[in-house]
Amino acid sequence: MATPLLLQAEHVAKAYAGIPALRDGRLSLRAGSVHALCGGNGAGKSTFLSILMGITQRDAGSILLNGAPVHFHRPSEALAAGVAMITQELEPIPYMTVAENIWLGREPRRAGCIVDSKALNRRTRELLESLEFDVEATAPMHRLSVAQIQLVEIAKAFSHDCQVMIMDEPTSAIGEREAETLFKAIRRLTARGAGIVYVSHRLSELAQIADDYSIFRDGAFVESGRMADIDRAHLVRGIVGQELTRIDHKVGRESAAECCLDVQGLSRSGEFQDISLQLRQGEILGIYGLMGSGRSEFLNCIYGLTTPDAGSVTLQGKPMPIGLPKATIRAGMSLVTEDRKESGLVLSSSILSNIALSAYKQLSSWSLINARKENQLAEDMVKRLQIKTTSLDLPVASMSGGNQQKVVLAKCLSTQPVCLLCDEPTRGIDEGAKQEIYHLLDQFVRAGGAAIVVSSEAPELLHLSDRIAVFKGGRLVTISSDTALSQEALLSLAS
Amino acid sequence: MNAKTITAPLTPPARSRLRLSLDRFGLPLVFILLCVVMAFSSEYFMTWRNWMDILRQTSINGILAVGMTYVILTKGIDLSVGSILAFAGLCSALVATQGYGLLAAVSAGMFAGAMLGVVNGFMVANLSIPPFVATLGMLSIARGMTFILNDGSPVTDLPDAYLALGIGKLGPIGVPIIIFAVVALIFWMVLRYTTYGRYVYAVGGNEKSARTSGIGVRKVTFSVYVVSGLLAGLAGVVLSARTTSALPQAGMSYELDAIAAVVIGGTSLSGGVGTIVGTLFGALLIGVINNGLNLLGVSSYYQQVAKGLIIVLAVLIDVWRKKKR
Amino acid sequence: MKVATSFAAVAALTLLASSITLAADGKTYKVGAAVYGLKGQFMQNWVRELKEHPAVKDGTVQLTVFDGNYDALTQNNQIENMVTQRYDAILFVPIDTKAGVGTVKQAMSNDVVVIASNTKVADASVPYVGNDDVEGGRLQAQAMVDKLQGKGNVVIIQGPIGQSAQIDREKGELEVLGKHPGIKIIEKKTANWDRAQALTLTEDWLNAHPKGINGVIAQNDDMALGAVQALKSHGLTSKDVPVTSIDGMPDAIQAAKKDEVTTFLQDAQAQSQGALDVALRQLAGKDYTPKSVIWERYAKDVTWGDGTAKNYILPWVPVTNANADALYQQVSGSK
């Protein structure tokens, strides 16, 4: 081969208590390239990555780093050998500066114990400049945006002389513009000869950034090749294992004339200003905007999680109470929150009580729960949403991301809403589950409901919604019913 | 596709079922084991009288622990139960000695406890003071008020009807045991069969999700401190009846035993997980250890060591369980 | 700062010394009472009686009470503060005989009069007014021996291990019981002066030794009352299993009247008022005559002499049917 292989993994396997999580993991990473690792939930990607990082130990297989076999027992060993990982959950120390975070535990010292802050800041500036990252060395971490924090994490990894960088869903928490910054940084890294293993559920961005790809399915390697040689459909086929019939959900969908939700002049200082829009029955309205455009804040405010400074919300002709989720739920609204773990689910509780959580008013009399009704509701929902589980009593924490998201949807549907608000409903879940959720939303509006979907994935909105509202800097820029709009056009409207 | 197929190989059903049952039966198993060991060590351990004594001795801590379970389920803590117990005991005894009758006296105690609970709840839910700090303040305030209330003196000469709450028997079973059993049953049912119970779990498991799901998080948080105060008040009444006088210095550091019972019972200090049944076993375990070591004539120093070890072990099992998951 | 304070203190003391020689009737004294803690009833009585002392009532003595909160360090700090604030005398009830010695000596070297009451300070130069806990232990043990007629199994409920009162009382108890080989100590454990703890402990012992316990020796009244409660719940009375203790708290006096316990009163009034008289004698000089009634009450046991003796050991008063009502009146404050 022309370019040397940085990392080569062959036949890596791992089983938990006799049940294989990874049967045959393979990866060949070339120096100076970005390698996309694709697969649905449960494909074995996470297990594979944690073996690479030494978080878990492999049962079988070999890993070569620069041609030499390695076996890491803990992440620090991997780091020392030049393998670093940037995970979805970034955990900087918020009230320390960028420099202090990067050199934590390795601070330059004087007289053995006094931190030499001059040297510390100088080194950090040199490092950030060499990587061309636009971050101030002395800025405190808690002032930085998510994307900037990622840059700091990357810089930290490079301060360890890292050769192989694993990025697990790096764009899941950031918007398009920040993603651009990240991609620029990635290109700069590859130019220096580093290799990147890149994991993302957003297939469109893989085409943009990756040079090579590998697909895992059901715990085993399926195929790999050059990204340039294949198209998106090929990738989806490989991940799902079958031809995904991409149904055009919008065909034959007709929204009624009646207005379901009417928002007039809604404002909340520092978040969004003077937003008016109408949602018709039987319609999906997409909201597109970058991070900080006020799209999530707008949804939360309609739902009553925050109180607006001005404006009104009317649902089916009735004015909505302000700042009271309990009342908006009763009036027929439901919110699928942006982060299911943070604000959608009670992870420690069972699937059953999560599904029923909002609906106990209907499921009880004199506040005594009718267990039969509760079970019936949960079982109906499991069937309707095709939630895969063996028992309703299992904690939701044990489920995959896609199934957890369906439980959130089930919870929201259990109150029989007329208006469903969805904030990033397909974030971090695999392609198959995404399609199922699209189908569900479509069914919901066809049955007479109405939905608002906020998403930072333009293709998703173009595919799903009847109209798209674009938010920018807390204001509504336009509402377009032209669904033939291109992704680029949307992005340029939003930025 | 069948709706109930196995999801991912990462969560094998057989294993989780085993783990579920271990979670559920682990503590009773330890408890039974301890009882068997004790039964072989002392011929008097397995006597009816001894068990009645264990239950009677456990009843005060048990009542406190039931309230504490509610608080800890919401990720809170109530350090003031010992002081509230003393305050309520004194209030109730004062009413009793004024000749207002049993019902008035008991209600006065429970009301006094609940009112201090209201203050706790207000501080935590409405003023957003961390529960540890708010109830630490109350620990001191309530104790001081107890001494102020009767100028530091105990209230004695309680009427016989009142004393029956601590000393009396209903058939072969002591009244404190019956009170404890009724309290445990009621609060177990509330937690298990009512919407309020589910809300308590939801608020402790994930406050944000609970709020999004339309649950009045503040109300629920507020209410658990009232529950805890109310039960501390009841425990105070029973304690003064059992010691035949309401002592202002009673109940010092009782909060620690109550927390220990809850934690040993498998309730997670990070909220959302736990049961009243677990707490019952936790309280009984502490009762049996104290009783057993007394029967065997082991020094109280070892008793403290044993209790401490069991608390740490119980939490260790909890941590280990979470890691495995 | 420190130098300045000590200068001020010295100056003040010189002034004070000269003023004492001139002492006329209008002279007032600043007296501080540092008690180990005010949560127990005994210390509350001690303080209440002190405030009833004639010299306090007529304004000769300006009294301030400090609650040591059961902490030796707190008490030491309080004494240091009193020295700084130029108190004339300190009545000291230490939580521990040894923990305060250094601070007390410092106070005395600053010419502050210090009198120990209730519990001795482990330094021979500090005058003591109070009861002898060793003697109390002897008395209650002897009472038990008499009740059991020299034969039987007893259990001892101890105070907090290591506290002076616990050590001394137990010393007296063991001394007497050692002389009677017919009496066997089958259990011994602490209930920390606490009624509820003693109740639980006694219940467990009764289960461990059904019919095997003939007597209960409790090192204070509260624990004795807990034991009585446990006996009742096991269908026993003090006739079957006698309980002895010391202190003479109101509750216990009531119980003694009903023959449920045998207890010996240590007179809080005698301890606090006696200590104040001894302090005033040092401040006012040899012409001072003690003003408290207690010198009369215990005339046959304690003699005032010229008021400079190092130890005034008060007697333990056996509580009997005959004197119970009177003692109750006296102890619970004549309200």
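The values are calculated or read from the model by the stated rules, or taken from the named source; none is laboratory data. In this text, all values refer to a predicted model and were calculated from it rather than measured experimentally. Because the Cβ atoms are built from the backbone with ideal geometry, glycine has one as well, and the counts that use them run over all protein chains shown. When the accessible area is computed, the model is the full protein with side chains, heavy atoms only, and any ligands, DNA or RNA have been set aside. Shrake-Rupley method; radii C 1.70, N 1.55, O 1.52, S 1.80 Å.
Counting only helices (runs of 4 or more DSSP H) that fall entirely inside the stretch A:398-495 and contain at least 1 residues that are in contact (Cβ under 8 Å) with a residue 12 or more places away in the chain and surrounded by fewer than 17 Cβ atoms within 10 Å (Cβ to Cβ), the qualifying elements are A:431-446, A:458-464, A:487-494. Pairs linking a residue in the stretch A:176-194 that is at negative phi and without any contact (Cβ under 8 Å) to a residue 60 or more places away in the chain to a residue that is of a type in the set (S, T, N, Q) and part of a loop (DSSP other than H, G, I, E, B), with Cβ atoms under 6 Å and 6 or more positions apart or on different chains, are A:A179/A:T171.
Summed over the stretch C:164-210, the residues that are crowded, with 22+ Cβ neighbours inside 10 Å and in contact (Cβ under 8 Å) with a residue 60 or more places away in the chain give a count of 2.
Within the stretch B:172-180, the presence of at least one residue that is more than 12 Å from chain C (Cβ to nearest Cβ), closer than 21 Å to B:L256 by Cα, open to solvent by less than 30 Å² (accessible area, probe 1.4 Å) and of a type in the set (F, W, Y) is confirmed. Of the residues making up the stretch B:216-252, those that are within 11 Å of another protein chain (Cβ to nearest Cβ) and farther than 18 Å from C:D222 by Cα number 3. Residues that are part of a helix (DSSP H, G or I) and touching a residue at least 60 places away in the same chain (Cβ under 8 Å) within the stretch A:127-146 comprise just one, A:V146. Per this entry, A:K434 is not counted among residues that are of a type in the set (K, R), within 14 Å of chain B (Cβ to nearest Cβ) and under 22 Å from the mean Cα position of the chain (by Cα). Within the stretch B:36-69, being more than 10 Å from chain C (Cβ to nearest Cβ) and outside any helix (DSSP H, G or I) holds for one residue alone: B:M46.
Counting only residues that are of a type in the set (F, W, Y) and exposed (fewer than 11 other Cβ atoms within 10 Å of the Cβ), the stretch C:287-324 holds 0 of them.
When A:D393, A:D442, A:D430, A:D380 are checked against the criterion of being out of contact with any Cys (no Cβ under 7 Å at 6 or more places or on another chain) and under 19 Å from A:S204 (Cα atoms), a single residue qualifies: A:D430. Given (1) modelled with pLDDT under 85; (2) buried (at least 16 other Cβ atoms within 10 Å of the Cβ), identify the lone condition not met by A:H142. Result: A:H142 fails condition (2) only.
As a summary of the residue check, A:G289 satisfies the conditions (1) touching a Phe, Trp or Tyr at 6+ places or on another chain (Cβ under 6 Å); (2) farther than 15 Å from A:S465 by Cα except for the one numbered (2).
Please work out which residue is nearest to the other protein chains (Cβ to nearest Cβ), limiting yourself to the stretch A:303-328 and to residues that are assigned to a helix (DSSP H, G or I) and open to solvent by 20 Å² or more (accessible area, probe 1.4 Å).
Of everything passing the filter in the stretch A:303-328, A:K326 is nearest to the other protein chains (Cβ to nearest Cβ).
What about B:T74, is it touching a helix residue (DSSP H, G or I) at 6+ places or on another chain (Cβ under 6 Å) and of a type outside the set (D, E)? It is true that B:T74 is touching a helix residue (DSSP H, G or I) at 6+ places or on another chain (Cβ under 6 Å) and of a type outside the set (D, E). Out of the stretch A:329-372, which residues are at the interface with chain B (Cβ under 7 Å from one of its Cβ atoms), open to solvent by less than 30 Å² (accessible area, probe 1.4 Å) and assigned to a helix (DSSP H, G or I)? Result: A:I329, A:S343, A:G344, A:S353, A:L357, A:S358, A:Y360. Considering only residues in the stretch C:213-265 that are part of a strand (DSSP E or B) and open to solvent by 10 Å² or more (accessible area, probe 1.4 Å), the one that is nearest to the other protein chains (Cβ to nearest Cβ) turns out to be C:D247. So, in the stretch A:202-221, of the ones that are open to solvent by 20 Å² or more (accessible area, probe 1.4 Å) and in contact with a helix residue (DSSP H, G or I) (Cβ under 8 Å, 6 or more places away or on another chain), which residue ends up nearest to A:L7 (Cα to Cα)? Restricting to residues being open to solvent by 20 Å² or more (accessible area, probe 1.4 Å) and in contact with a helix residue (DSSP H, G or I) (Cβ under 8 Å, 6 or more places away or on another chain), the top hit is A:D211.
Restricting attention to the stretch A:381-423, the residues being farther than 14 Å from A:M333 by Cα, more than 10 Å from chain B (Cβ to nearest Cβ) and of a type in the set (D, E, K, R) number 1. When each of C:D306, C:D287, C:D267, C:D259 is tested for being of a type in the set (D, E) and closer than 30 Å to B:W51 by Cα, the lone residue that passes is C:D259. The numbered conditions (1) of a type in the set (S, T, N, Q); (2) open to solvent by 30 Å² or more (accessible area, probe 1.4 Å); (3) closer than 28 Å to A:Q57 by Cα are all true for A:Q148 except (3).
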